[in-house]
Amino acid sequence: MAHLGVGIGWRPEIADAVDRLDGLDWVEVVAENICPGHLPEALQRLRGRGTRIVPHGVSLGLGGADRPDPQKLAALGERAVALGAPLVTEHIAFVRTSSPVLEAGHLLPVPRTRDALDVLCENVRIAQDALPVPLALENIAALFSWPGEEMTEGQFLTELVERTGVRLLIDVANLHTNRVNRGEDPAAVLDAIPLEALAYVHVAGGVERDGVWHDTHAHPVPPVVLDLLAELRSRVEPAGVLLERDDDFPPEAELAGELAAIREVVTAGRPAAQAEAAPEPGSAVQPEAEAGGKAGIGTEAQPGTETQAGTGAQPEAGTDAEAQPEAGTGAQPEAGAGAQPGTGAGAGAQPGEAARTRVALGQAALLSALVAGTPVPEGFDRARIGVQVRALAAKRADVVAKVAPELPGILGGRAPYRKAFLAYAKGRPMTAAYRRDALDFAEHLLIQDLPADPAARRRLTAWWRERAGARPPRRIVRWARTLVGRAA
């Protein structure tokens, strides 16, 4: 993999600032927020100058119980080709369940169990086979832990790499988040994982409230996260390091200052292990089991962030097929290669439907508790689950306001909008993308003859009709729906 250097997450709100940043080596874009064939002019200018662009997916849910959606994989691959990207990245997370149909709108942690690892490995191989460029997966930030976990983070990531040859995208801000929220030692993770599989590194800011670290991507990078970057840098020379910022964007000079601080850490002397024979900056060491690999595609996600709090948010995609890599280049690891003695399934083993079913049941119970108000499954920290419930609802309200900015105005401002949306969200879990959620919210209000102001209600009706292509249900239909609901 070619040397990337120091980069920044590209967002439309800071497109002009990114255009002017001195010494910027590359950018990363949320894959679901661009559209192949209709790339923003600012991205086209960057490409024209030779700036590398890497698509970063947020909606695949490779850690979910279901096999990856072929359409989402195709979309992610299409964006990689359009951008001439050297690789694509995604997350070790689940984002939805199919039974019941629920969307988290956020990256949620997978349990570190044999079943979950087997399912993840098969899903990763499916994605690698579908994608035209190599795939790298990111460790995520989490507010809570699963009960009954069988492996540490380091063991889980190491076996994932050994069994699939996938690369790793290590987010040092997420390592800090998990230190605060889950008591995990970042140094132990860095000591355990195969850093030769490192694709690149994420750096981001967050904030601590009441003993919980929120990975907001909306605050400056704190010194403790830069210290973790230095800790990683003491072990390996990363091919790339990227600053993520998804909200509350600071002045251009502040962004430039954060990039300069990151660059200072990255350029501060080579790791001792590389002192004798360090590779040239343009040649990143590849994991032995992965001579290549392939990459994939995405669909409408959530506007711009992955934090889940978004930064985790999410939307559409873009293309332009210059220098398309050949699909299928790069050998996959042999079946059985990298299997650990006595650890269950080998590299080529399939998880089996029983394992998928067990993972599906656990994820469905958890996600239902998070977004549908069902009881918290046994063994979870109820207080932390409560924090996650509130964070997901708040994020959902914020993202809907971004994809449908007219709604707060129609409803009288941010505060009335937020109050109405959070009341709606309590009884209506998200089952599709955020744009659909905005339409469902508007329909929900109109069915209840809201807003109370007739002029506002007319404006909301016009807004809904224009986007839904239909009329709101008549009063008789509303009554029928109410009766059916009571009967159920």
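Would you mind giving the three semi-axes, in whole Å and largest first, of the ellipsoid equivalent to region 144-189 according to its Cα gyration tensor? List each step's numbers first, then the result.
On the way: eigenvalues 73, 41, 13 Å².
Equivalent ellipsoid of region 144-189: 19, 14, 8 Å, largest first.
Could you check how many percent of all C-alpha pairs in region 367-468 are farther apart than 19 Å?
Looking at region 367-468, the distances longer than 19 Å represent 43 percent of pairs.
Is the C-alpha gyration tensor of region 19-97 telling us rounded, prolate or oblate? Criteria: a/c under 1.5 is rounded; beyond that, a/b larger than b/c is prolate, otherwise oblate. Mind showing how you got there, number by number?
Numbers: a/c = 2.83, a/b = 2.06, b/c = 1.37.
Prolate.
Given a 1.4 angstrom probe, what's the average accessible area per residue across region 1-123, in square angstrom? Show your work: numbers first, answer last.
Numbers: 3770 Å² over 123 residues.
Per-residue accessible area for region 1-123 comes out at 31 Å².
Testing the spin-label approximation: label points 7 Å from Cα along Cα→Cβ at Val224 and Lys419. State their distance in nm.
Going by the 7 Å Cα→Cβ label model, 3.6 nm.
Could you please report the charge total around Glu353, scoring K, R as +1 and D, E as -1 over all other residues with beta-carbon less than 13 angstrom from its beta-carbon? Kindly include the intermediate steps, with their values, before the conclusion.
Values: positive: Arg67, Arg356, Arg358; negative: Asp66, Asp115, Asp118, Glu122.
It works out to a net charge of -1.
Given region 1-135, what whole percent of its Cα pairs are spread farther than 20 Å?
I get 49 percent for the Cα pairs in region 1-135 exceeding 20 Å.
At 7 Å along the Cα-to-beta-carbon direction for both Leu361 and Leu439, put a label point, then send me their distance in nm to one decimal.
Modelled inter-label distance: 3.6 nm.
Quick check: at a probe of 1.4 Å, how many percent of the accessible area of region 343-462 sits on carbon and sulfur atoms? Before the final figure, lay out the partial values.
Numbers: 3250 of 5520 Å².
The computed percentage sits at 59.
Give or take rounding to whole Å, what are the principal axis extents of the alpha carbon atoms in region 153-232, in descending order?
38, 22, 19
The values are calculated or read from the model by the stated rules, or taken from the named source; none is laboratory data. This structure is a prediction, so every number in the text was calculated from the model and none was measured. Ideal geometry is used to build each Cβ from the backbone, glycine not excepted, and the neighbour counts take in all protein chains shown. SASA here: full protein model, heavy atoms, side chains in, ligands and nucleic acids out. Shrake-Rupley method; radii C 1.70, N 1.55, O 1.52, S 1.80 Å.
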